[in-house]
Amino acid sequence: MTDAIVAEDLAYWYGDLVAVDHISFNVAEGEILGLLGPNGAGKTTTVKMLTGLMRPKAGKAVLLGLDMAKNTEKVQGEIGVCFEETNLYEQMSALENLRFFARLFGINRFDANALLKRVGLDGREKDRVETYSKGMKQRLMVARSIINRPRVLFLDEPTAGLDPSSSESIREIIKEERERGATVLLLTHDMEEADKLSDRVAFMNKGKIVAVDTPHNLKQQYGKRALKAKVASEDGKLEDREVIMDTQETDKAVQELFAKEKVVTVHSEEATLEDIFIKITGRGLLG
Amino acid sequence: MKWRTIGAIVSKDLSLYFRNRFIALITVLGTVAFLIVYFVMPSTTPVTDVGLYAPVVPSAFVEEASENIDFVMVDSEAVLREAVTQSDYIAGIVLPADIMEKFDKGEKPDVKIYFSPETTEESREIISLFIKGLAYRQTGQIASFNEKEIVLGTDLLGQDIPLRERMRPLFAVMLLMIEMFGLANLITVEVERGTVQGLLVTPMRVRELFAAKGITGIILSFVPAALFMALVGGMNNQPLVILTAMLLGAVMVTGISFLVAALSKDFMSILGWVFVVLIIMAVPAVGIMMPGTITGWAKVIPSYYLVLPVHQAAHYGSGWGDVWKYMLALAGFDLAFISLGIIALRRKFQ
């Protein structure tokens with residue numbers, strides 16, 4: 001599988017402030033990479049460099065085998081970007097927004113209505129965007145980002161602040177895009193979302209990539225699964241018991257638990273990506 | 001250049017421009033208001049009172065010499081001086097008691113002309129030439145004056161321009177300039193709302209974005225100003241010269257709008273910057289409306305090179321040969337403002 005996105009020693013700084021500190025990573029074609037990190041970690045600056053909005057101060061971005069700095073226009077024809085902040089033309093309708101961007105991509109035949117139906121905006125397509133709810137605007141942003149059937153899709157906090165229904169519909173679109181073959185770089189604070197959608201996740205902190213792996217491997221490496229049980233003591237009180245999973249002693253410990261204790265309830269528990277992020281960086285994702 | 005892309009942005013910008021009720025309103029109301037002001041102003045030149053103290057009045061001075069100048073006789077030179085100082089008259093003329101004797105002998109009498117401090121340079125020239133004309137009528141001899149003055153005097157004398165026509169360049173320049181609000185706002189809003197980032201991640205080159213914004217700006221400023229000039233008959237003389245000057249003016253306005261947009265964060269800051277620019281740029285036009293109120297320093301104001309060719313072509317029928325130097329200077333300012341504007345906006349987009 002070839003790489004759709006390659007970041008090679010990318011760096012960007014604003015005066016003395018280093019926003020992105022010589023990071024390198026790659027995203028394979030058809031893969032979803034979740035880029036996680038707190039505000040100010042450098043995620044958005046990284047995406048700006050990868051999408052041609054900003055020229056790296058050092059290193060280079062290679063997309064679809066082409067150096068972004070030298071082939072900006074060509075590469076931009078193959079990518080879609082959904083920004084964190086809503087940046088639609090609010091005095092235009094959804095249809096007008098989509099048709100305008102279709103023209104910029106040189107798309108002659110384009111069924112805007114079908115796309116709007118796909119994101120659940122049919123029936124409101126002729127209303128001005130300024131009358132939309134946040135969720136509707138965000139769905140329109142996602143629709144705009146896939147207008148050109150991009151080979152690489154950048155999504156910056158696509159579900160931030162949305163109701164569960166809107167978030168779910170956007171996640172469905174992300175999955176459909178991946179099934180179509182698109183590569184997705186997903187920036188999010190939502191650990192559950194990253195866990196569900198991403199093939200791999202990259203943790204970013206203070207401008208550096210501090211870990212990249214599959215959610216499963218990260219959990220294996222940094223946070224052990226555990227079996228949590230409540231057992232009844234002789235005097236009838238409930239006490240907690242914990243057995244660490246995925247070790248050589250796990251089987252024996254589980255057997256002993258059930259043999260020696262009066263188990264009332266049992267469930268498994270595993271570390272979240274947030275737990276792992278805190279473990280690695282010493283800070284929370286929302287910090 | 002991808003003209004399809006440029007066309008899409010221009011079309012979008014024009015559509016958004018007229019969806020902004022405030023901007024659309026000031027454009028339409030501005031054009032209509034200037035038209036109304038123009039048409040309610042007097043279409044004739046005002047009659048000017050000139051004080052005259054003459055112990056002996058030559059016959060030529062008694063006859064109706066001009067439909068635009070009335071002589072008002074005063075009793076003494078001191079009274080005349082006081083009246084002129086108080087701006088009761090635009091000028092005061094003192095004819096010596098021996099004026100007729102000197103005319104008869106072929107000698108040149110001493111004629112004093114008093115001007116009030118507010119009397120414009122052009123009015124002084126007109127009065128001076130007018131007196132020389134009367135003296136010629138009286139004696140049949142040409143008074144001594146240099147040829148340059150004669151040409152200027154001949155052009156101006158008898159060709160007094162009604163105030164409302166004098167104001168045409170001012171109105172046209174104001175209409176051109178007022179569109180700075182619209183274009184600067186369109187660009188600032190793109191940056192403020194982040195829509196420019198949406199544009200810059202499409203396969204569109206930055207130069208196409210600037211070309212589109214430039215074309216939008218030129219259309220928005222040129223069309224109302226040209227429409228105004230056409231409606232008020234400002235293009236009866238040398239329409240091509242006037243249109244070209246205004247087109248170059250629209251390019252300058254677009255360049256300034258780029259700069260204003262780069263310096264502004266919101267509509268209030270646009271208002272502040274545009275008002276400053278408008279006041280400065282209106283100065284040369286005011287100078288045309290009220291000749292003599294500005295001096296050589298006005299030549300450093302770029303709009304001087306827009307107003308002057310429009311004024312000269314519209315009012316005196318000046319052709320390319322007369323105004324090409326101003327046009328060239330204007331084109332130079334265009335280049336400077338557009339370049340500076342693009343550099344500043346590029347930095348802002350980054």
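Contact map, region A:137-148: first residue at the interface with chain B (Cβ under 9 Å from one of its Cβ atoms), second residue in a helix (DSSP H, G or I), Cβ cut-off under 7 Å, separation 6 or more or different chains; pairs are A:144/A:97; A:144/A:98; A:144/A:101.
Across region A:247-287, the qualifying residues are those that are open to solvent by less than 70 Å² (accessible area, probe 1.4 Å), without any contact (Cβ under 8 Å) to a residue 24 or more places away in the chain and not in a helix (DSSP H, G or I), and the one among them that is nearest to residue A:34 (Cα to Cα) is A:282. Candidates are the residues of region A:75-89 that are facing chain B (nearest Cβ under 7 Å) and open to solvent by 20 Å² or more (accessible area, probe 1.4 Å); the one that is farthest from the chain's Cα centre (by Cα) is A:77. The set of residues from region B:224-276 being open to solvent by less than 10 Å² (accessible area, probe 1.4 Å) and among the hydroxyl-bearing types (Ser, Thr, Tyr) comprises B:254, B:257, B:264.
Scan region B:179-222 for residues that are in contact with a Pro (Cβ under 8 Å, 6 or more places away or on another chain) and not charged (D, E, K, R) and jot them down. Give the derivation first.
Pass one, region B:179-222, residues in contact with a Pro (Cβ under 8 Å, 6 or more places away or on another chain): B:179.
Across region B:179-222, there are no qualifying residues.
Of the residues making up region A:60-113, those that are more than 24 Å from residue A:135 (Cα to Cα), in contact with a Phe, Trp or Tyr (Cβ under 9 Å, 6 or more places away or on another chain) and small (Gly, Ala, Ser) number 1. Report yes if residue A:63 is away from chain B (no Cβ under 14 Å) and crowded, with 19+ Cβ neighbours inside 10 Å, otherwise no. Judged against the criteria, residue A:63 is not a match. Could you please let me know if residue A:101 is within 14 Å of chain B (Cβ to nearest Cβ), under 16 Å from residue B:195 (Cβ atoms) and open to solvent by less than 10 Å² (accessible area, probe 1.4 Å)? Yes: the conditions hold for residue A:101.
Residue selection: residue B:194 fails the criterion of being touching a strand residue (DSSP E or B) at 6+ places or on another chain (Cβ under 9 Å), without any contact (Cβ under 8 Å) to a residue 12 or more places away in the chain and within 10 Å of chain A (Cβ to nearest Cβ).
The values are calculated or read from the model by the stated rules, or taken from the named source; none is laboratory data. A quick note: this is a predicted structure, and the numbers were derived from the prediction, not measured. Heads up, the Cβs are rebuilt from the backbone with ideal geometry, glycines too, and the neighbour counts pull from every protein chain shown. Accessible surface is based on the protein model in full, side chains and every heavy atom, while ligands, DNA and RNA are left aside. Shrake-Rupley method; radii C 1.70, N 1.55, O 1.52, S 1.80 Å.
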